[in-house]
Amino acid sequence: MSRRWATWLAWSTCALSVVAILVSHGLALIGVGTWYWEDFSHELVLLLFSFIGALIAARQPRNAVGWLLCTFGVEGGFGQLSTEYGKYALFAVPGSLPAGAVVAWLQSWTWAVSFAAMALLLLLFPNGKPLSRRWRPVAWIAAAAAALLAIGMALSPGPIKNRSVFESVPSPFGLSGLPGDLMSPLVGVSFTVLNLSLLAAAISMVVRFRRARGVER
């Protein structure tokens with residue numbers, strides 16, 4: 001990837017996060033006339049992740065840390081937008097926007113991406129590489145567990161998961177029968193494995209700090 005292309009992509013993801021958060025608040029204001037100030041601190045963190053990630057990715061495009069921060073910010077903004085879109089299309093002004101249930105469904109599983117990004121960020125910080133080859137399996141396990149968690153959440157039968165506001169809305173892609181019954185244990189196992197990988201990644205960072213010298217420390 002060229003430096004110019006990396007710079008454009010990095011700042012585009014930052015802009016995408018900002019737009020997603022602003023549009024989500026616009027939908028909230030139009031729909032229920034309320035600005036959710038309690039979410040401000042969370043969204044400020046997302047914007048800081050996006051901005052710092054774009055800054056790093058633009059200057060050091062080969063360092064995965066910048067791109068992981070960008071991913072975290074974009075997913076957070078997208079999750080906020082899909083939630084507010086679903087609330088507006090399904091409850092505030094029913095039928096006013098297309099595919100309300102489908103967009104609301106997206107937030108039920110995309111948050112697994114943030115979990116994977118956080119595990120990889122802890123594992124690769126600060127130089128974008130794992131501490132040694134022995135730690136590489138942690139990255140693969142985290143990615144696989146996040147993928148399985150997303151699949152399990154996306155295909156679980158019953159109401160749309162993750163946000164209680166959609167508990168009365170059936171999932172548009174929930175499976176029935178035996179495949180649907182398997183989604184709950186899949187979610188439980190993959191979520192546990194993902195949390196263990198997060199713990200392992202945090203341990204990796206502690207070990208890295210203890211071994212680091214000079215500028216890296």
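Convex hull volume of the C-alpha atoms in the chain, normalised per residue: 136 Å³. Its DSSP H runs of at least 4 residues, each contributing -39,500 (n - 2.57), put the calculated 222 nm mean residue ellipticity of the chain at -24000 deg cm²/dmol, to the nearest 500. Modelled spin labels at A143 and V189, positioned 7 Å past Cα toward Cβ, are 2.1 nm from each other. Reported value for the stretch 1-104: 90 Å³ per residue, from the convex hull of its C-alpha atoms.
Can you give the FRET efficiency for F91 and V23, using 1/(1 + (r/R0)^6), R0 = 25 Å, r = Cβ-Cβ distance, to the nearest 0.05?
Details: r = 17 Å, r/R0 = 0.70.
Efficiency at R0 = 25 Å is approximately 0.90.
Which ordering of S108, S204 is given by a fewest-first count of other beta-carbon atoms within 10 Å?
On the way: S108 25, S204 22.
With the fewest neighbours first, S108, S204 line up as S204, S108.
Equivalent ellipsoid semi-axes for the stretch 107-199, as square roots of 5 times the alpha carbon gyration tensor eigenvalues: give them largest first, rounded to whole Å.
Values: eigenvalues 176, 36, 13 Å².
Three semi-axes, in Å: 30, 13, 8.
Quick one: longest stretch of the chain between exposed loop GluC sites (Glu not before Pro), exposed meaning at most 15 other C-beta atoms within 10 Å and loop per DSSP?
Working: sites that count: E167, E216.
Formally, the longest exposed-site-free interval is 1-166.
Is any helix in the chain, taking whole DSSP H runs, at least 24 angstrom long along its axis by alpha carbon and on average at least -0.5 on the Kyte-Doolittle scale, and which ones? Spell out each step's value before the answer.
Details: long enough: 3-32 (44 Å, 1.23); 40-59 (28 Å, 1.64); 64-87 (34 Å, 0.35); 136-155 (29 Å, 1.77); 177-211 (52 Å, 1.09).
Once both thresholds are applied, what remains is 3-32, 40-59, 64-87, 136-155, 177-211.
Computed about the Cα centre, the dipole magnitude for the stretch 1-97 is approximately 560 debye when only Lys and Arg (+1) and Asp and Glu (-1) carry charge, each at its Cβ. The chymotrypsin sites (Phe, Trp or Tyr not before Pro) of the stretch 158-199 that DSSP puts in a loop, and whose beta carbon has at most 16 other beta carbons within 10 Å, are F173.
Quick note: the coordinates plus some simple rules give every number you see, no bench work behind them. These figures come from a predicted structure and were not determined experimentally. Neighbour counts run over all protein chains shown; Cβ positions are idealised from the backbone, glycine included.
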